[in-house]
Amino acid sequence: MRRVACIALPEIRLEIAQEGGKTSPLAVVVARRGGAVRTERDVLGNTRLDVVSRAAREAGIRAGQTVAAARAKHGELRVRVVAEDAVAEALARVAEVALAFGPGVAFDVATDVVWVEIGGCAHLHGGERELARALEERVRALGHACRVAVADGPRVASAVARFGGVVAGEPRQVPAGEGAAAMRALPVAALALEDDVMRWLADLGLRRCGDLAKLPRRSLGTRLGARAHDVMQLLDGEDRAPLDAWRPPPVPEERVELEWGAHTVEALAFVLKTLCDRLAARLHGRAMAAARLELVLALDRALCEGAEPVSTLTAVLPAPLARADELLAVLRARLERHTLAAPVLVATLRAPELARAPARTLDLLEPEPRATLALPRLVAELSAELGAARVGVLSLVDTWSPDERTRLVQYGTPPRAPAHALVTSVLEPSRLTTPSRVPREQLGEVRLLARYEATEWWRRPPRSRELAVAWVGSGPGGALAWVELGEDGAVIRGWVD
């Protein structure tokens with residue numbers, strides 16, 4: 001059976017325009033494509049408001065009023081311009097988060113709603129109500145006020161989520177087959193009729209959809225015109241409207257524009273926290289992890305003084321990461337090595353390389369290995385601070401050359417045993433080190449391991465070499481070394497632990 005969850009975001013335009021938690025009245029003008037208003041400089045006295053905050057409504061300001069009329073009622077009204085593309089980007093972020101709850105998602109910029117198909121997925125969360133509650137918590141964690149409703153179709157679910165109100169703070173769940181009863185309890189505005197039809201219904205005293213359902217269908221259909229068929233279906237609870245499935249972009253990306261440039265790395269760290277939280281939410285919706293991160297910083301061109309106006313910082317993650325705190329720790333380590341040539345105006349964080357997030361099965365009888373979970377983050381931080389080429393795991397290489405026997409390989413690479421031992425049935429070093437010369441008298445008992453007359457002669461000129469194991473030093477400070485013997489002493493090549 002088809003079941004759709006709808007997330008209504010009634011204040012998303014205000015949340016985008018909000019300034020640092022200010023509580024003074026706020027109004028929003030939406031900058032639509034092809035419209036006369038693009039920035040706040042284009043706002044005139046006759047510009048009409050699209051959305052107003054609760055504080056503005058308490059001051060008597062309503063959506064649809066002109067800026068001049070609204071400021072006549074409250075002189076401290078703040079009017080902000082929000083681009084329609086910014087609203088679409090925020091809805092796309094919510095839709096990507098909702099992918100963790102169903103296979104298909106869609107959103108509508110006109111009504112500020114996001115839909116997700118949850119048919120056959122509710123049992124994974126303990127039922128539809130638990131799924132809706134978890135979905136609402138996930139969206140609220142992004143900083144959005146929302147209402148969630150579940151119904152048989154997207155239009156019924158949207159109408160219930162937007163106009164059904166809140167019942168004890170719980171998501172609204174319309175049982176299967178009871179869409180008609182849910183629709184009849186909603187106001188007529190849930191049908192999204194034209195303004196002249198709404199005024200005609202208001203003059204007749206028709207306030208609820210249930211009032212329309214009592215009227216003769218023939219006379220009502222004549223007045224509704226082209227919308228008659230859709231309205232009749234909604235009043236009967238039938239909703240077979242398809243969802244235009246939205247597909248996330250191949251590369252998840254988050255972008256923040258700063259009104260005042262960030263002059264220091266410490267100030268930019270607060271911006272990174274927001275970017276990492278949003279990117280982690282997108283990765284969770286895809287069930288993916290980031291294998292490489294790119295932080296693009298657009299600098300103030302007027303203050304660059306000959307430097308490049310765009311800086312790109314790359315962090316290669318030896319082990320894929322997906323949590324927000326892990327991503328932030330890696331970026332902070334990488335950013336501390338960077339010097340800002342000018343204030344940052346725009347920061348963009350993307351994950352150009354993704355990997356499937358590994359699923360972990362928890363054991364109720366064994367403790368969770370915290371060291372194993374913390375190691376990928378630690379290796380990623382070291383890689384960002386020291387460089388990817390300097391962090392890895394020592395691995396044996398299939399070669400007869402003692403100097404190239406061990407090599408630094410990327411963390412997470414499956415270990416591969418060499419095809420043969422360096423010296424058959426004799427002791428091999430556990431780790432190689434930088435060659436250092438010691439005199440013969442500092443060596444203890446020397447045991448010869450092998451003598452090489454030629455090693456990989458096709459790559460290097462042949463020369464005679466004697467490899468031995470000897471005790472270097474005396475007392476508790478001594479250690480067993482893997483040395484190359486010479487005429488005037490020995491060269492320590494490695495250690496035998």
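The values are calculated or read from the model by the stated rules, or taken from the named source; none is laboratory data. Computed from a prediction, not measured in an experiment: that's the story for all the values here. No Cβ is skipped: glycine too gets one built from the backbone with ideal geometry, and neighbour counts run over all protein chains shown.
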Next on the checklist: Restricting to segment 330-340, give me the number of residues that are surrounded by fewer than 18 Cβ atoms within 10 Å (Cβ to Cβ) and closer than 30 Å to PRO358 by Cα.
Outcome noted: 2
Checklist entry - Checking ALA176 against (1) at pLDDT below 90; (2) within 33 Å of the chain's Cα centre (by Cα); (3) assigned by TED's automatic domain parsing to the domain that holds ALA8, which single condition isn't satisfied? => result (2)
Checklist outcome for this item: Inside segment 240-255, the number of residues satisfying the requirement of being under 30 Å from ASP300 (Cα atoms) and surrounded by fewer than 16 Cβ atoms within 10 Å (Cβ to Cβ) is 4
Item to check | Residue satisfying condition, being among the charged types (D, E, K, R), surrounded by fewer than 24 Cβ atoms within 10 Å (Cβ to Cβ) and not assigned by TED's automatic domain parsing to the domain that holds VAL113, within set GLU194, GLU170 | outcome: GLU194
Checklist outcome for this item: Of the conditions (1) assigned to a helix (DSSP H, G or I); (2) surrounded by fewer than 17 Cβ atoms within 10 Å (Cβ to Cβ), the single one that GLU326 does not satisfy is (2)
Checklist entry - Only one of these conditions is not met by LEU26: (1) within 28 Å of the chain's Cα centre (by Cα); (2) of a type outside the set (Lys, Arg); (3) surrounded by 18 or more Cβ atoms within 10 Å (Cβ to Cβ). Which number is it? => result (1)
Item to check | Test result for GLU326, among the acidic types (Asp, Glu) and at pLDDT 85 or above | outcome: yes
Next on the checklist: Please determine whether any residue of segment 209-223 is assigned by TED's automatic domain parsing to the domain that holds PRO309 and at pLDDT below 85.
Outcome noted: no
Checklist outcome for this item: Just one listed residue, out of THR274, THR264, is closer than 30 Å to ALA351 by Cβ, assigned by TED's automatic domain parsing to the domain that holds LEU313, of a type in the set (Ser, Thr, Tyr) and surrounded by 15 or more Cβ atoms within 10 Å (Cβ to Cβ), and it is THR274
Item to check | Hits in segment 1-50 - residues which are farther than 30 Å from ALA151 by Cα and assigned to a helix (DSSP H, G or I) | outcome: ALA17, GLU40, ARG41, ASP42
Checklist entry - Quick check: anything in segment 341-350 buried (at least 18 other Cβ atoms within 10 Å of the Cβ), in contact (Cβ under 8 Å) with a residue 60 or more places away in the chain and closer than 21 Å to LEU99 by Cα? => result yes
Next on the checklist: Which condition from (1) within 13 Å of the chain's Cα centre (by Cα); (2) assigned to a helix (DSSP H, G or I) is the one that LEU293 breaks?
Outcome noted: (2)
